[in-house]
Amino acid sequence: MKPIVIGNWKMNITSQEAKVYLGTFLRKLEVLKQAEVTLCPAGPVIPTVAQMLEGTGVAWGSQNAHWEERGAFTGEVSMEILQDLGCRLVLCGHSERRKWFKESDFEISRKVEQALAHNIVPVLCVGETFDERKAQKHEVVVIEQVRKGTERLSNIPALALIVAYEPVWAIGTGQAIEPEQAWEMARLIRSVLREVLPSGAESVPIIYGGSVNEINVASFVDGDAISGVLVGGTSLDPEKFHQLIAQLI
């Protein structure tokens, strides 16, 4: 299985900047094609990115989507709209969505369900805060997030769901956790998946996110516990992001 690499641009990079970025990033397609690479731009930038990625083997995803099919939800985007545009995956429950926009586990589980209904791979993001880890509650928190995030699923097709473990206290801080800590949590997540999705748990990739960069990435992805990475800051630099991907193939 190819390593999974998801670049989350967050609220950065305009359409014009994306054109320059991709002009650099796509120069070495032979490297990029050896991984499952997906870029998640801001919503209005999606058409530009989608057009430039067409035929390259690099896909695009969405940073968020609503849990309802359609309706009066000003400012939101549905899974149906994303599917129509050719979306590969969607982030569900990123820690910034949980923190700043108060998304609940119930809402996140509905997003996961809606994504699967529209043939979009949901990336269920789970992870503890610094206070929760300090209080030795990190396992309880992550177990609960995985269980609730998948509670609306009875079974899933192979490779149709990704779980991203992202310790909140490591995101954007430049301080990644120790690889052994990440592997330990990945094994915990796998055990929960075996309980809640017994028929498909083994096919669910688990990836890591949290201050991962071109220097430390290889120490996290071992091909067993962790199958790839969710990258924030480093994905904003096409050269560094390319170097990161090269470390995994």
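Pull out a ≥ b ≥ c, the square roots of the eigenvalues of the alpha-carbon gyration tensor of the stretch 142-249, then state rounded if a/c is under 1.5, prolate if not and a/b is larger than b/c, and oblate in the remaining case.
prolate
Write down the Å³ per residue value for the convex hull defined by the alpha carbon atoms of the chain.
Per residue, the Cα convex hull of the chain comes to 115 Å³.
Put +1 on the Cβ of each Lys and Arg and -1 on the Cβ of each Asp and Glu in the chain; which of Asn8, Ser95, Ile81 then has its Cα farthest toward the positive end of the dipole?
So the residue we want is Ile81.
Report, in debye and to the nearest 20, how large the dipole of the stretch 1-147 comes out about its Cα centre when Lys and Arg carry +1 and Asp and Glu carry -1 on their Cβ.
Roughly 460 debye for the stretch 1-147.
Mind checking the dipole of the stretch 1-40: about its Cα centre, +1 per Lys or Arg Cβ, -1 per Asp or Glu Cβ, Debye to the nearest 20?
Here the stretch 1-40 has a charge dipole of around 60 debye.
Evaluate the charge dipole of the chain about its Cα centre and quote only its size in Debye, nearest 20, assuming +1 on the Cβ of each Lys and Arg and -1 on the Cβ of each Asp and Glu. Before the final figure, lay out each step's value.
Working: 24 positive and 31 negative charges, 41 e Å.
That gives a dipole near 200 debye.
With an 8 Å cut-off on Cα pairs and a minimum separation of 6 or more residues, tell me the relative contact order of the chain in percent.
Normalised by residue count, the contact order of the chain is 21 percent.
From the cross-link list Lys2/Lys134; Lys19/Lys102; Lys111/Lys137; Lys19/Lys148, which pairs have alpha carbons spaced over 28 Å apart?
Listed pairs above 28 Å: Lys2/Lys134; Lys19/Lys102; Lys19/Lys148.
Loop only per DSSP, at most 12 neighbouring Cβ atoms within 10 Å: give me the GluC sites (Glu not before Pro) in the stretch 1-85, ordered by residue number.
Values: sites: Glu17, Glu30, Glu36, Glu54, Glu68, Glu69, Glu76, Glu80; in loops: Glu54, Glu68, Glu69, Glu76.
Sparse-neighbourhood loop GluC sites (Glu not before Pro): Glu54, Glu69.
Counting only chymotrypsin sites (Phe, Trp or Tyr not before Pro) that sit in a DSSP loop (anything but H, G, I, E, B) with at most 16 other Cβ atoms within 10 Å, what is the longest stretch of the chain containing none of them?
102-249
Collect residues whose amide H, placed 1.01 Å from N in the peptide plane, falls under 5 Å from the amide H of Val231; neighbours closer than 5 in sequence don't count.
Ile6, Gly7, Asn8
Rank the residues Thr38, Thr56, Thr129 as a footprinting-exposure proxy: fewest other Cβ atoms within 10 Å of their Cβ go first.
Ordered from fewest to most neighbouring Cβ atoms within 10 Å, Thr38, Thr56, Thr129 come out as Thr56, Thr129, Thr38.
Can you give the Rg to Rh ratio of the stretch 1-68, both from alpha-carbon atoms, with Rh computed by the Kirkwood formula?
0.97
Sorted from largest to smallest, which semi-axis lengths in Å does the alpha carbon gyration tensor of the stretch 82-141 give for its equivalent ellipsoid, taking the root of 5 times each eigenvalue? Please list the in-between numbers first.
On the way: eigenvalues 145, 21, 18 Å².
Rounded to whole Å, the semi-axes are 27, 10, 10.
Laboratory data are not the source of any read-out in this text; all were calculated from the coordinates shown. What you see is a predicted model; the values in this text were computed from it and never measured. Cβ sites come from the backbone with ideal geometry, for glycine too, and all protein chains shown count toward neighbours.
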